Amino acid sequence: MTNFMITEDFPKNQTEFDQRFCDEQACHEYLFQLRWPQGFICPKCWHTSYWQSARGLLICKRCEYHQSLTAGTILHSTKKPLTAWFKALWWFTTRKSGVNAINLQDLLGLGSYNTAWRWLQKLRSCTVCEGREKLSGSVEADEFYLGGRRSGKRGRGAEHKCAVAVAVERKGPKLGRLRLQVIEDCSAGELIPFVHANVAPGSIITTDGWKGYSALKGQGYGHKQSLQTKTQDKNSVLPGVHLIASLIKRLMLGTFQGRFEKKYLQRYLDEYVFRFNRRTTKSVGKRFFRIVQQAVVSSPMSNKQVAMGVISPLLAN
Ligand SMILES: [Zn+2]
């Protein structure tokens, strides 16, 4: 991502979106503006003048290199019209709880469920902005489980579930930004690297009494334990992370009918974090703008890479 200021140009609502992105040329111009905000530069010879072929290719006037607008982005080698991708980007970012592949297939009239599913996986991979700022200040950290039949923490029956580490900023009574990460188990070996990857040193981290966090103090963090007394219910201790856990469980049941594969879970969580951290953004179009911005700087994903999922998110960071 460049430091250069980009005019935040986006449709403010559905009507503006429909009017603006009704043809290929309009979508092409928008992507162009976000991919080359300072103007086109030939990737071979750095020349800046070009002409556009009838098929929309950008041809360098000096070396005649043919550059496709979508090559090297998440839309790499797509055969579908840009207008369809734009609709997918719009629905993905503006629907309150997102869309699943069946919704998207219906909305776009796509012939194949698998295409809709792959598109969503690709869009989800664009929700994490590289080099994003770590959480700071007062932060609650905890873990919860998704999937499986039995509830409960860290105990027996946990082997069929997916453990998720959660950290959220506390701003007085309100919640700030959120981070979620699939972890192998709730050991210190998983939790401490999660905190390092997501919370700035010097922050004050509140956890429950779990021993997995006891190493935090020696690692540049303040550590407070919030212990549950006999008269308290569990949600009054660490209310922020417990709220997040229940919202995500509800989402997984609602949008995905509780069915998900562990290797794709991180992408669902990334999408949730993207939405959550922008929940107070006034214009829905601004989320759309952010995702398109990410889509043009995200590396292409082959079908095989999409299907592979995210195996070890902490290593991938
Ligand atoms: Zn050139």
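The values are calculated or read from the model by the stated rules, or taken from the named source; none is laboratory data. Here the structure is a predicted model, which is why all the values come from computation and not from measurement. Please note: Cβ atoms are built from the backbone with ideal geometry, for glycine as well, and neighbour counts cover all protein chains shown. These accessible areas exclude ligands, DNA and RNA; they are computed on the full protein's heavy atoms, side chains included. Shrake-Rupley method; radii C 1.70, N 1.55, O 1.52, S 1.80 Å.
Given the criteria closer than 22 Å to Leu89 by Cα and within 16 Å of the ligand (Cβ to nearest atom), does Trp36 qualify?
Here the answer is yes, as Trp36 does meet what is asked.
Screening the candidates Gly209, Gly202 for the property of being at negative phi and either of a type in the set (D, E, K, R) or in a loop (DSSP other than H, G, I, E, B) (or both) yields one hit, Gly209.
Listed here are the residues, each with its yes/no results for (1) in contact with a His (Cβ under 8 Å, 6 or more places away or on another chain); (2) surrounded by fewer than 16 Cβ atoms within 10 Å (Cβ to Cβ); (3) touching a residue at least 60 places away in the same chain (Cβ under 8 Å); (4) closer than 28 Å to Phe288 by Cα.
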site: Tyr30; (1), (2), (3), (4): no, no, yes, yes
site: Pro43; (1), (2), (3), (4): no, yes, no, yes
site: His47; (1), (2), (3), (4): no, yes, no, no
site: Trp51; (1), (2), (3), (4): no, yes, no, no
site: Leu58; (1), (2), (3), (4): yes, no, no, yes
site: Glu64; (1), (2), (3), (4): no, yes, no, no
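Residues to consider are Trp119, Trp51; find the one that is more than 15 Å from Leu31 (Cβ to Cβ), aromatic (Phe, Trp, Tyr) and more than 15 Å from the chain's Cα centre (by Cα).
None of the others qualify; the one that does is Trp51.
Would you call Glu16 open to solvent by 80 Å² or more (accessible area, probe 1.4 Å) and acidic (Asp, Glu)?
It is false that Glu16 is open to solvent by 80 Å² or more (accessible area, probe 1.4 Å) and acidic (Asp, Glu).
Within the set Leu227, Leu251, Leu216, the sole residue that is out of contact with any strand residue (DSSP E or B) (no Cβ under 8 Å at 6 or more places or on another chain) and part of a helix (DSSP H, G or I) turns out to be Leu251. When Phe86 is tested against (1) open to solvent by less than 80 Å² (accessible area, probe 1.4 Å); (2) of a type in the set (Phe, Trp, Tyr); (3) without any contact (Cβ under 8 Å) to a residue 24 or more places away in the chain, only condition (3) is not met. Contact annotation: residue pairs with Cβ atoms under 8 Å, 6 or more positions apart or on different chains, pairing a residue in region 96-111 that is without any contact (Cβ under 8 Å) to a residue 12 or more places away in the chain with a partner that is outside any helix (DSSP H, G or I), are Gln105/Ser112.
Going through region 110-128 one residue at a time, which ones are part of a loop (DSSP other than H, G, I, E, B) and either modelled with pLDDT of 95 or more or buried (at least 16 other Cβ atoms within 10 Å of the Cβ) (or both)?
Once the filter is applied, which keeps residues that are part of a loop (DSSP other than H, G, I, E, B) and either modelled with pLDDT of 95 or more or buried (at least 16 other Cβ atoms within 10 Å of the Cβ) (or both), region 110-128 yields Leu110, Cys126, Thr127, Val128.
Of (1) away from the ligand (no atom under 16 Å from the Cβ); (2) over 23 Å from Val297 (Cα atoms), Arg62 satisfies all except one. Which? Looking at each condition in turn, Arg62 falls short on (1).
Scanning region 39-58 for residues that are outside any loop (DSSP other than H, G, I, E, B) and more than 16 Å from the ligand (Cβ to nearest atom) turns up nothing.
Looking only at region 66-82, filter to residues that are within 16 Å of the ligand (Cβ to nearest atom) and closer than 15 Å to Tyr30 by Cα; which one of those is surrounded by the fewest Cβ atoms within 10 Å (Cβ to Cβ)? Filtering region 66-82 for residues that are within 16 Å of the ligand (Cβ to nearest atom) and closer than 15 Å to Tyr30 by Cα, the one surrounded by the fewest Cβ atoms within 10 Å (Cβ to Cβ) comes out as Ser68. May I ask you to verify whether Val297 is more than 29 Å from Arg170 (Cα to Cα), open to solvent by less than 70 Å² (accessible area, probe 1.4 Å), out of contact with any Pro (no Cβ under 8 Å at 6 or more places or on another chain) and touching a residue at least 40 places away in the same chain (Cβ under 8 Å)? No: the conditions fail for Val297. Consider only pairs whose beta carbons are under 6 Å apart and that are at least six residues apart or on different chains; among these, list those whose first residue lies in region 113-130 and is more than 17 Å from Gln181 (Cα to Cα) and whose second residue is aromatic (Phe, Trp, Tyr) and assigned to a helix (DSSP H, G or I). Sorted first by the residue in region 113-130, then by its partner, the pairs are Leu123/Phe92. From the list Thr281, Thr231, the lone residue that is open to solvent by 50 Å² or more (accessible area, probe 1.4 Å) and β-branched (Val, Ile, Thr) is Thr231. Per the conditions (1) on the phi > 0 side of the Ramachandran plot; (2) in contact with a Ser or Thr (Cβ under 9 Å, 6 or more places away or on another chain), the sole criterion not satisfied by Ile59 is (1).
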